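Read through the structure below, which is laid out as structure tokens, and then see the notes.
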Amino acid sequence: MELAWYALLGLFFATYLVLGGYDYGVGLLLARGGTREARRAALNAVGPFFLGNEVWLVAAVGILFGAFPVLEGELLSGYYPAVLGALAGVVLVTAGVQLRSRPRAESARAAWDRVVVAGSALAALGWGALLGGLLQGVPLRADGHVAGVGHLFTPFVATTALAMLALVAVQGATFLTLRLPAADASSVARLARRLVPTALAAVAAATVLGLLSDRVRAAVARPALAVLLPVVLVAALLAARAALGRGRPGVAFAATSAALALPVALVGAALWPRVLVSTVDPGASLSVADAAASGPTLSLLGWLALPLLPALLGFQAMCWWVFRGRTDGRAPVYW
């Protein structure tokens with residue numbers, strides 16, 4: 001039962017990163033500047049999906065609170081700078097996108113665009129730092145509580161945060177190749193191809209630092225997976241770049257989506273059966289079974305959550321079907 005809920009938590013959070021990733025990626029690309037019409041076109045491309053994508057984060061947080069109350073408490077206390085930064089970014093992006101259309105002055109719109117860029121960067125960096133911090137281990141004491149937050153300020157956590165930022169930027173640019181008019185999508189596709197090497201370099205740096213880190217090596221229970229999954233991530237990015245060069249944005253988007261989901265799978269699979277690995281007392285590490293709620297509680301939550309996943313999938317499929325194609329009404333070449 002605990003494994004099923006753990007997998008469901010990972011699925012919901014990975015889906016949020018994939019879908020929210022192009023929201024924040026488009027937000028990051030506003031930093032390029034450009035004309036008012038270009039910025040507006042980019043936000044219009046993501047607009048129909050924006051709020052619906054954040055539902056996956058709400059659902060993941062609900063599973064965390066209900067099914068893993070012990071883990072929830074230690075995440076909020078031991079990782080609160082990363083979590084607070086990510087959630088602040090989500091709020092800033094939501095506020096910026098909703099409010100930028102209110103003022104008539106162009107300077108005010110540009111100010112809200114900067115809020116969106118800052119929020120997008122905070123969200124990507126925060127979630128990347130959280131995943132890196134989990135993979136690195138945490139100073140969990142014998143009393144079951146995390147000692148401080150200094151463990152987040154390490155080179156490995158910093159590089160994983162930057163890698164997530166780069167992956168999100170690639171995801172946003174690739175998404176725009178599907179949604180913008182063909183005349184504009186070609187330039188964005190070239191930008192996406194140029195961003196892929198940056199993402200590859202960031203992923204490679206995080207992987208190398210992880211291999212060199214005593215903390216990461218001690219925390220990882222399955223070293224083979226910890227090496228294999230980054231290799232698969234790199235392969236997905238290379239596939240995306242090749243697909244963009246061949247004019248197949250659908251394939252490229254599927255590849256970048258896989259690249260954004262893989263870090264969640266990496267953390268979950270590499271740490272299992274533990275979810276928080278103590279760097280000060282290995283015996284104090286928190287297992288998935290210990291972090292989960294009681295069996296009757298999980299069973300009750302199962303009946304409550306049973307219709308949730310198909311409902312969310314159905315809603316997402318409906319949104320993509322209704323708003324399929326480019327913003328000028330033309331259908332893109334997906335495959």
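The values are calculated or read from the model by the stated rules, or taken from the named source; none is laboratory data. As the structure is a prediction and not an experimental result, all values here were calculated from the model. Please note: Cβ atoms are built from the backbone with ideal geometry, for glycine as well, and neighbour counts cover all protein chains shown. Please note that ligands, DNA and RNA were not included when accessible areas were found on the heavy atoms of the full protein model with its side chains. Shrake-Rupley method; radii C 1.70, N 1.55, O 1.52, S 1.80 Å.
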| request: Would you check which residues across the range 157-179 are farther than 17 Å from Leu262 by Cβ and open to solvent by 10 Å² or more (accessible area, probe 1.4 Å) and list them? | output: Ala158, Arg179
| said: Filter the range 153-167 down to the residues that are more than 20 Å from Gly25 (Cα to Cα) and not aliphatic (A, V, I, L, M) and list them by number. | reply: Phe153, Thr154, Pro155, Phe156
| task | Could you check Thr154 against (1) under 18 Å from Tyr80 (Cβ atoms); (2) modelled with pLDDT of 95 or more and say which number it fails? | result | (2)
| What is the residue count in the range 287-302 for residues that are under 15 Å from Phe65 (Cβ atoms) and open to solvent by 60 Å² or more (accessible area, probe 1.4 Å)? | 2
| field | Residues being of a type outside the set (Val, Ile, Thr) and within 19 Å of Val117 (Cα to Cα) - total across the range 56-102 | value | 15
| task | Identify, from the list Ala142, Ala118, the residue that is closer than 22 Å to Leu43 by Cα and open to solvent by 10 Å² or more (accessible area, probe 1.4 Å). | result | Ala118
| message | Just checking, does the range 303-315 include any residue being on the phi > 0 side of the Ramachandran plot, surrounded by fewer than 15 Cβ atoms within 10 Å (Cβ to Cβ) and not in a helix (DSSP H, G or I)? | response | no
| request: Looking for whichever is open to solvent by 30 Å² or more (accessible area, probe 1.4 Å), within 15 Å of Gly172 (Cα to Cα) and of a type in the set (Gly, Ala, Ser) here; the options are Ala38, Ala45, Ala123. Which one fits? | output: Ala38
| remark: Picked from the range 23-35 (must be assigned to a helix (DSSP H, G or I) and open to solvent by 60 Å² or more (accessible area, probe 1.4 Å)), the residue modelled with the lowest pLDDT is Arg32
| Residue in the range 271-281 that is surrounded by fewer than 22 Cβ atoms within 10 Å (Cβ to Cβ), touching a Pro at 6+ places or on another chain (Cβ under 8 Å) and either among the charged types (D, E, K, R) or modelled with pLDDT under 90 (or both) present | yes
| message | Taking the conditions exactly as written (open to solvent by 20 Å² or more (accessible area, probe 1.4 Å), among the hydrophobic types (A, V, I, L, M, F, W, C) and not in a loop (DSSP other than H, G, I, E, B)), does Ala205 satisfy them or not? | response | yes
| Considering only residues of the range 233-253 that are of a type in the set (A, V, I, L, M) and in contact with a Phe, Trp or Tyr (Cβ under 9 Å, 6 or more places away or on another chain), which is nearest to Val146 (Cα to Cα)? | Ala240
| request: Give just the number: which of (1) touching a residue at least 40 places away in the same chain (Cβ under 8 Å); (2) open to solvent by less than 70 Å² (accessible area, probe 1.4 Å); (3) in a helix (DSSP H, G or I) does Arg215 not satisfy? | output: (2)
| field | Pairs where the first residue, in the range 249-264, is more than 20 Å from Leu225 (Cα to Cα) and the second is open to solvent by 10 Å² or more (accessible area, probe 1.4 Å) and β-branched (Val, Ile, Thr), C-beta under 7 Å, 6+ apart | value | none
| Residue, farthest from the chain's Cα centre (by Cα), within the range 58-82, restricted to residues that are open to solvent by 20 Å² or more (accessible area, probe 1.4 Å) and of a type in the set (A, V, I, L, M) | Val70
| task | Report yes if some residue within the range 87-106 is more than 25 Å from Leu152 (Cα to Cα), hydrophobic (A, V, I, L, M, F, W, C) and not in a helix (DSSP H, G or I); otherwise report no. | result | yes
| said: One residue is enough: does the range 250-260 have a residue meeting the conditions open to solvent by 30 Å² or more (accessible area, probe 1.4 Å), hydroxyl-bearing (Ser, Thr, Tyr) and at pLDDT 90 or above? | reply: no
| In the range 149-168, what residues are free of Cβ contacts under 8 Å to residues at least 24 places away in the same chain and either of a type in the set (S, T, N, Q) or assigned to a loop (DSSP other than H, G, I, E, B) (or both)? | Phe153
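To keep it simple, each residue is scored yes or no on (1) farther than 21 Å from Arg274 by Cβ; (2) of a type outside the set (Phe, Trp, Tyr); (3) in contact (Cβ under 8 Å) with a residue 60 or more places away in the chain.
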site	(1), (2), (3)
Glu72	no, yes, no
Leu92	yes, yes, no
Arg100	yes, yes, no
Ala147	no, yes, yes
